[in-house]
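Okay, structure first, notes after.
All of the numbers you see were taken from the coordinates with simple rules; none came from a lab. Because the structure is a prediction, the values reported are computed rather than measured. Counting neighbours? That spans all protein chains shown, and the Cβs are built from the backbone with ideal geometry, glycine included.
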Amino acid sequence: MTEMRGVRNRNPGNIDYSPANSWLGQLAPDPAIEKRFARFDTPENGIRALGKTLLTYQRKHGLKTVKAIINRWAPSIENDTGAYVRAVEANTGTAPGAEIDLVKPAVMQGFVKAIIHHENAGFAYPDAVLVEGVRRALL
């Protein structure tokens, strides 16, 4: 079975590559390997970038609900955001429309795990990888 792009790139959130981002552990772009998305040296650093992006959505853009965050994360032009929101809410035990606090490690872990699952066709990292990536994001 072929690895999903996000797993292969160790970028389980499928963050677009941007020269403006100097993520910890981000590999130099190589269009022969990947034309659109960032690549990372470890899955933990890819999870860190995912978590840092989500924190920016809360802190800078004031997005406090799963729906608000996912609508920015995965625009409806490319995704079924309604299904995505429902999946993340279900996987995090969040009531529709409830405000969440991503600074809480358990909340961030549930959110990140749900995004990884959705972006990578049900893939899940071992708990130790997820926990370490989230720990790095929350530093």
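Please go through the stretch 11-37 and pick out each residue that is in contact with an Asp or Glu (Cβ under 7 Å, 6 or more places away or on another chain) and either surrounded by 16 or more Cβ atoms within 10 Å (Cβ to Cβ) or in contact (Cβ under 8 Å) with a residue 24 or more places away in the chain (or both). Spell out how you get there, then give the answer.
Pass one, the stretch 11-37, residues in contact with an Asp or Glu (Cβ under 7 Å, 6 or more places away or on another chain): 12-14, 25, 27, 36-37.
Listed by number, the residues that qualify are PRO12, GLY13, ASN14, GLY25, LEU27, PHE37.
What is the number of the single condition among (1) over 16 Å from the mean Cα position of the chain (by Cα); (2) within 25 Å of ASN21 (Cα to Cα) that ARG48 does not meet?
Here ARG48 clears every test but (1).
Which one of these is among the hydroxyl-bearing types (Ser, Thr, Tyr) and within 17 Å of LEU130 (Cβ to Cβ): THR56, THR65, THR81, THR42? Quick ask: steps written out before the conclusion?
On the way: THR56 fails: within 17 Å of LEU130 (Cβ to Cβ); THR65 fails: within 17 Å of LEU130 (Cβ to Cβ); THR81 fails: within 17 Å of LEU130 (Cβ to Cβ).
Matching residue, one of THR56, THR65, THR81, THR42: THR42.
Considering only the stretch 60-82, how many residues are more than 16 Å from the chain's Cα centre (by Cα) and not in a loop (DSSP other than H, G, I, E, B)?
Going through the stretch 60-82 one residue at a time, the tally reaches 1.
Only one residue in GLU3, GLU78, GLU44, GLU34 is of a type in the set (Asp, Glu) and closer than 20 Å to ARG136 by Cβ. Which one? Can you show your working first?
Values: GLU3 fails: closer than 20 Å to ARG136 by Cβ; GLU78 fails: closer than 20 Å to ARG136 by Cβ; GLU34 fails: closer than 20 Å to ARG136 by Cβ.
Result: GLU44 is the single residue among GLU3, GLU78, GLU44, GLU34 that is of a type in the set (Asp, Glu) and closer than 20 Å to ARG136 by Cβ.
Can you tell me which of ILE77, ILE70 is closer than 20 Å to GLY6 by Cβ, free of Cβ contacts under 8 Å to residues at least 12 places away in the same chain and either out of contact with any His (no Cβ under 8 Å at 6 or more places or on another chain) or among the aliphatic types (A, V, I, L, M) (or both)? Write out each step before concluding.
Values: ILE70 fails: free of Cβ contacts under 8 Å to residues at least 12 places away in the same chain.
Only one candidate passes the filter, namely ILE77.
Would it be correct to say that ARG48 is basic (Lys, Arg), assigned to a loop (DSSP other than H, G, I, E, B) and surrounded by 16 or more Cβ atoms within 10 Å (Cβ to Cβ)? Please lay out each step first, then the result.
Numbers: basic (Lys, Arg): yes; assigned to a loop (DSSP other than H, G, I, E, B): no; surrounded by 16 or more Cβ atoms within 10 Å (Cβ to Cβ): yes.
Here the answer is no, as ARG48 does not meet what is asked.
In the stretch 90-115, what count of residues is obtained for those that are in contact with a Leu (Cβ under 8 Å, 6 or more places away or on another chain) and either buried (at least 20 other Cβ atoms within 10 Å of the Cβ) or in a loop (DSSP other than H, G, I, E, B) (or both)?
Taking the stretch 90-115 first, the residues in contact with a Leu (Cβ under 8 Å, 6 or more places away or on another chain) are 102-103, 105, 108-109, 111-113, 115.
Restricting the remaining residues to those that are either buried (at least 20 other Cβ atoms within 10 Å of the Cβ) or in a loop (DSSP other than H, G, I, E, B) (or both) gives 102-103, 108-109, 111-113, 115.
Total satisfying the criteria: 8.
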